[in-house]
Amino acid sequence: MWKIGIIGIGASFIALILKKEKQEFSMLVALSASLLIFIYALVKVEYAVNFINEILEKMPIPKKYFYQLLKMLGITYAADFSSNICKDAGYQTIAMEIELFAKISIVILSIPGIELFMDVLGEFI
């Protein structure tokens, strides 16, 4: 966490200094730091996914539902990341469209889980 904090704070200070002189470089520094932190986070997520895959091997739950949840989680993180970059650049409308697309994608991905839930519920009724 220290590395990420240092990268974030350092990039913020550099971006603030550059913002007065060269605003386009300021945005580039902020974007570069954001991408670096995002890539570092993906490496950490890979470790967690591998651990959960080991657990799923031992459980009688179909993997496709877990993968759907991972996709939804990925969509939320990617949409949040992209949306925040657009908001920082002053493009709130594009950020809202990214968020809308993410919400629609999550609803579509949840359809198989909802169908399974309805089937299980139908067996009990």
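The values are calculated or read from the model by the stated rules, or taken from the named source; none is laboratory data. Just so we're clear, the structure is a prediction, and the values are computed from it rather than from any experiment. Here the Cβ is made from the backbone with ideal geometry for all residues, glycine too, and neighbour counts use every protein chain on show. The protein model used for the area step is the full one, side chains on, heavy atoms only, and it has no ligands, DNA or RNA in it. Shrake-Rupley method; radii C 1.70, N 1.55, O 1.52, S 1.80 Å.
The residues on offer are S82, S110, and the sole one that is out of contact with any Leu (no Cβ under 7 Å at 6 or more places or on another chain), at pLDDT 85 or above and either closer than 30 Å to Q23 by Cβ or of a type in the set (V, I, T) (or both) is S82.
Whenever a residue of region 39-63 is farther than 21 Å from I75 by Cβ, it has no partner that is open to solvent by 90 Å² or more (accessible area, probe 1.4 Å) and at pLDDT below 80 lying with C-beta atoms less than 7 angstrom away and at least six residues away or across chains.
Take the conditions (1) in contact (Cβ under 8 Å) with a residue 40 or more places away in the chain; (2) loosely packed, with under 13 Cβ neighbours inside 10 Å; L109 misses just one of them, which is (2).
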